[in-house]
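The values are calculated or read from the model by the stated rules, or taken from the named source; none is laboratory data. Keep in mind that what you see is a predicted model, and the values were worked out from it rather than measured. Backbone-built Cβ (ideal geometry, glycine too); neighbour counts: all protein chains shown. To get the accessible areas, we keep the full protein, side chains included, count just its heavy atoms, and leave off ligands, DNA and RNA. Shrake-Rupley method; radii C 1.70, N 1.55, O 1.52, S 1.80 Å.
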Amino acid sequence: MNFETVIGLEIHVELKTRSKIFCSCSNEFGAEPNTNVCPICSGFPGMLPVLNQQVVEYAIKAGLALNCEIADYCKFDRKNYFYPDLPKAYQISQFDLPICKKGYLDIEVDGVKKRIGITRAHLEEDAGKLVHQGTISSTPFSLVDLNRSGVPLLEIVSEPDLRSSKEARAYMEKLRSLLLFAGVSDCKMEEGSLRCDANVSVRPYGQKTLGTRTEIKNLNSFRAVEKAIDFEVQRHIEAIEDGEELIQETRTWEEDQQITRSMRSKEEAHDYRYFPDPDLPPLRISREWVNDLRLSMPEMPEQARERIMDQFGLSAYDAGLLTLSPDLLAFFDECTHYYHDGKIIANWMMGEMSKLLNQKNLDIGQCRIRPAHMAEMLNLIDQGRISGKMAKEVFQVMFDTGSSPEAIIKERGMEQISDEATLEKIILEVIANNPGAVEDYRNGKKKATGFLVGQVMQATRGQANPALVNQILARKLNS
Amino acid sequence: MTISIKEVEHVAVLARLQLKENEKEKYARHMGSVLQYVDKLNQLDTEGVEPLDHILPVFNVFREDQVKPASNREEILANAPLVEAGQYKVPKII
Amino acid sequence: MELYELTLRELQQVLHKGEASATDITKSVLGRIHEVEEKIKAFITLDEEGAINQAQQCDARGAYSGLDGIPYGLKDLICSQGMKTTCASRMLENFVPFYDATVAARLKAAGGILLGKLNLDEFAMGSSTEQSAFFPTRNPWDLTRVPGGSSGGSAAAVAARELPFALGTDTGGSTRQPASYCGVIGFKPTYGRVSRYGVVAYASSLDQVGVFSREVGDCAQVLNIIAGKDPLDSTCVELEKPDFTSFLKDDVKDLKIAYPREYFQKGIDSGVKDTVKQALLKYEELGAIVEEVSLPHSEYALPTYYLVAPAEASANLARFDGVRYGFRDFQAENVVGMFSSTRAEGFGDEVKMRIMLGTYALSSGYYDAYYLKALKVRRLIKEDFDNVFAKFDLIVAPTTPTTAFKLGEQVGDPLTLYMNDILTVPVNMAGLPGMSIPCGFLEGMPVGLQLIGRAFDEGTLLRAAYAFEQHSDYHQAKPDLGGELI
Ligand SMILES: [Mg+2]
Ligand SMILES: [Zn+2]
């Protein structure tokens, strides 16, 4: 039997406000346990929430970036459940009236374009963090850190439009880039500011109804999203083929074992008892407000892609890569202020630079190479002061030290030899020392040139300007 | 309106209230009598009536996105039944 | 006259004239508390040392203004920095907040002297103060009777001259009903007038801080201090805050007063009805226009309340889970067990009953039939009031169906007890300001007159109450603290 995979993603994004959603505690990551807390985000008796305006504006901007309808009216609800990291034993969230709904984003996988629906995006507060000794099932006790409690989240729920783990990954990457461009989140998966839960089911091709769905939690990298979905799809198919019954349940991704595991031994009924939070007046979002925010939106990746394709003749593929993050695009744009050829910039960014970043597991924001230096290096190549081959060495040093290419080639004596008199002298020596090769050349074996050029390069430790060497050599041999 | 012992048990689980065997019957009786009383509301036709979820005609109450100093950790933990390493300590989850 | 017998206004006069110091007043009040507290049992926490210290500092500052040197108490679910706030529950028996409720902070800043924390029904759930986990408070007019609730400690302390004023809260009548039972003034402001920050929530859409005093003018003064926008409470809204004392005028001429027929129907004690009708006659005598009206959905207010309040309470009280503060059962092996046994042991019966009810009303499959239905009826109740206030300035009614009942008399059947709130609950449902003032006695027990106003029109209530006070002396009657202690 052939199966179709159906995937929907629920993505929680931390909004990058200074303070939390309902109190004035800092929203920074990585502080000592329970040092970014107050009675409000710790759920003390008598405490009340007061909404951070910036949170609402970021949510609206995110909604605009995701082509959503922005609600005229929305409200907050209490989602009731007990857990040690949930201080009020309810999460303030949005139930029936989310701030954004009915959006979409476009992805492209293996050259095929596809539009993925976004059901809704709603605001909510994050819970704290439980620290276990060992695993959750073996730990004798757990510790509760409430620093994260009250961090503003936007939960973005996709339609079940995704059909493969590749599409899921493309969706996430696209979503991430849109949110980065909109400037509403850092989207750092490793710090948990972008988190993904995947709803996965399979069904025989042609079947209308959905198969039994499982929800995979704890996916904290793009790779994990792909791997976990692949694992889960395989598990579902095998179960169906073996005639086993699948149960609708929540599963967790075990990174070290590369498997999904059921999160509950016995299925516990969830009944969140949502109801409107009386402590928070509802929101009326005027169209003027939305428009003002729309006008304040920076250039989004799609527009940027068009622009750089247009302006620099880049391929759609290259332009797509350069617009994956605003940092990449900003780097590219800045380079183009100092260097005319966008294609060459793109090649270096996607080639050498991307390779070096990947080796060190860094992102562009952490790269020590300045765009102006990159442009300077490209100009040095054009001026013939360094060869393409030398440039790669220079680039490595730029990457390691952050120095300018001028400084590097000066300091290391790497400048290309383009002085004709110097080259002529060396070439005459090479000709004198290699009569056999010269003989071959004159007998019509043009290949001999290569050997002679190699000799010149060897004599100059690679610094001779190859174009000039070829020119002078030809002149001397033919004279 | 009567409410069964099973329903009482289910609600008690949701509310995280451990009930003794002899209490369940009492809760069933009391809840039953209140629910019977509130059943009176069904005399009213509320078709088309908007639920009143906020009594004040007030919208968009915001604070500015400003950070204020957090609480002192000793103070916030001072009332906790059990603390370790600056965190609340709770028994195992499962 | 002893200093402790004086009203807030009289104490201010004594201070201004230099006839007594804040320390003198505080000592006199503490003396009175020593004398009668054994009988009344209004205080959960009494901070004598702190009170004397505050009074001495106040005297050292010199010139008296605002509430300088005036002793007061807080219902023990209003958080007070460094002083236990128990909500009359085992759950919070040892809880010491490190923050002040906004109302507590404002009274402190105004120079008032906090003497202690006053008894209540556990988490404000009750109408007699018998649901306190610690002890019941007694009615100063008859120690065998309840003071009402849930702010029974506040009402009894003010009536017994243990305090010139106190704060309570009012979710379904918890300020007006005990004020009525104890023969003092009880004022519940419009929902949104006074900050709820730091007030432990029972039902967030209904809760409002209330004031107890022995004179209308005192109440207006305290309102001046505690009312007004609070950036820490999103429902405490920005509105021009009037000087509430400016409404203290003996003038109800042409004031349009409505009395709802539904508030005078069967189930309301005939003596209470007659007493209230006398008050209506008084208003007519003073030149007001008095007419009967109908609030047709009145009978649905109480059932609505018993869905809305427990539903909100079930969420508000979920935070008491033994993790961050309060009681914890250390025997439990895992977290779920710890939650369940902590809450089972930490909460009293009435609290648990309401949590169960509220959880049920919100639970899947019942939400529409119960909670949502109640929210719809709530709108109908509010619209009843809107219709009346389109034509009238004020609604007048009894505060309670009867005078104070005997301790132990209504324990057992929840519905009987709930009926005490039948005349006060509609006001909370509609978020309106309400007030109870003494308007007579039946067999030695006080009867309360309830005044209900338009939203944010506390002024008309104060004015009508003040006029009545000028033409009656019920507010000056003193309880003799008689009756057998049980
Ligand atoms: Mg969520
Ligand atoms: Zn906080």
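List of remarks:
- Segment residue A:299..residue A:383, full-extension length gain: 26.8 nm, with 0.36 nm per residue of separation and the alpha-carbon distance subtracted.
- Where both bridge residues fall in chain A, DSSP classifies roughly 90% of the beta bridges as antiparallel.
- Here the protein assembly as shown carries DSSP beta bridges of which approximately 80% are antiparallel, counting only pairs with both residues inside.
- Farthest positive-ward along the range C:314-363 dipole, Cα basis, beta-carbon charges - from C:346, C:315, C:335: C:315
- Taking label points 7 Å from Cα along the Cα-to-Cβ direction, residue A:350 and residue A:102 give a separation of 3.8 nm.
- Only the Cβ atoms of Lys and Arg (+1) and of Asp and Glu (-1) were treated as charged; on that basis the dipole of the protein assembly as shown about its Cα centre amounts to roughly 1920 debye.
- Leaving ligands and nucleic acids aside, the A/B contact buries around 3800 square angstrom of accessible area in total at a 1.4 Å probe radius.
- Mean separation of Cα contacts under 8 Å, 6 or more apart, over the residue count of chain C: relative contact order %: 18 percent
- All other residues whose Cβ lies under 14 angstrom from that of residue C:382 are scored, Lys and Arg at +1 and Asp and Glu at -1, for a net of -1.
- Nearest-ten-degree value, helix B:5-14 long axis tilted from longest Cα axis of chain B: 20 degrees
- Above-threshold pairs, the threshold being 18 Å between Cα atoms, out of A:101/A:166; A:166/A:227; B:6/B:26; A:166/A:360: A:101/A:166; A:166/A:360
- Loop-resident chymotrypsin sites (Phe, Trp or Tyr not before Pro) (DSSP state other than H, G, I, E or B) in the range A:193-284 with no more than 13 further Cβ atoms inside 10 Å of their Cβ: A:205.
- By the combined test of axial Cα extent (at least 15 Å) and Kyte-Doolittle hydropathy (mean at least 0.5), the qualifying DSSP H helices of chain A come to A:420-433, A:448-459.
- Taken along the Cα-to-beta-carbon direction at a fixed 7 Å, the label points for residue C:63 and residue A:4 span 8.3 nm.
- Rough spin-label spacing in nm, given labels placed 7 Å along Cα→Cβ, for residue B:6 and residue A:396: 7.4 nm
- Residue A:207/residue A:338 FRET efficiency (R0 41 Å; Cβ-Cβ; nearest 0.05): 0.10
- Under a model in which nothing but the beta-carbon of Lys, Arg (+1) and Asp, Glu (-1) is charged, the range A:299-412 shows a dipole of about 480 debye around its Cα centre.
- Neighbour net charge for residue A:63 - beta-carbon separation under 12 angstrom, K R +1, D E -1: +3
- Rounded Å value of the spacing that divides the Cα centres of the range A:180-248 and the range C:210-245: 55 Å
- Our note on the geometry: Cα centres of the range C:18-38 and the range C:262-319, 37 Å apart.
- Pairs of C-alpha atoms in the range A:169-238 farther apart than 17 Å represent 50 percent of all such pairs.
- Taking a straight line from the alpha carbon of residue A:343, these aspartates and glutamates sit under 16 Å away, with near neighbours fewer than eight places off in the same chain left out: A:306, A:310, A:318, A:333, A:334, A:352, A:376, A:382.
- Each of A:140, A:207, A:194 was placed along the dipole of the range A:3-289 (beta-carbon charges, centred on the mean Cα), and the one lying farthest toward the positive end is A:194.
- Gyration tensor verdict on the range A:3-289 (Cα atoms; rounded if a/c is under 1.5, prolate if a/b is larger than b/c, oblate otherwise): oblate
- Theoretical FRET efficiency, 1/(1+(r/R0)^6), r = Cβ-Cβ of residue A:368 and residue A:306, R0 41 Å, to 0.05: 0.85
- Annotation: lysines with alpha-carbon distance below 26 angstrom to residue C:253 (same-chain offsets under eight excluded): C:188, C:241, C:273, C:277, C:282, C:391.
- With Cα atoms defining each centre, the range C:92-130 and the range A:404-479 are spaced 93 Å apart in the structure.
- Sparse-neighbour loop sites [GluC sites (Glu not before Pro); the range C:260-338; at most 10 other C-beta within 10 Å; DSSP]: C:333
- Taking Cα centre as origin and charging only the Cβ of basic (Lys, Arg, +1) and acidic (Asp, Glu, -1) residues, the dipole magnitude of the range C:1-82 rounds to 220 debye.
- In Å, descending, principal axis extents of the Cα set of the protein assembly as shown: 138, 76, 56
- Pairs from the table (B:24/C:406; C:84/C:352; A:20/A:88; A:389/A:410; C:352/C:382) lying more than 20 angstrom apart at Cα are B:24/C:406; C:84/C:352; C:352/C:382.
- FRET efficiency for the residue A:327 to residue C:238 pair, using the beta carbon distance and R₀ = 51 Å, is estimated at 0.75.
- Local electrostatic count, residue C:311, Cβ distance below 11 Å [Lys/Arg +1, Asp/Glu -1]: +2
- The residue list A:36, C:22, C:210 was ranked by how far each Cα lies along the charge dipole of the protein assembly as shown toward its positive end, using unit charges on Cβ atoms, and A:36 comes out on top.
- For peptide B:24-35, the mean count of partner chain Cβ atoms within 10 Å of a residue's Cβ comes to 4.
- Restriction of the trypsin sites (Lys or Arg not before Pro) in the range C:347-396 to DSSP coil positions whose beta-carbon has at most 14 other beta-carbons within 10 angstrom yields C:391.
- Principal-axis tilt of helix B:21-38 within chain B, Cα atoms, nearest 10 degrees: 70 degrees
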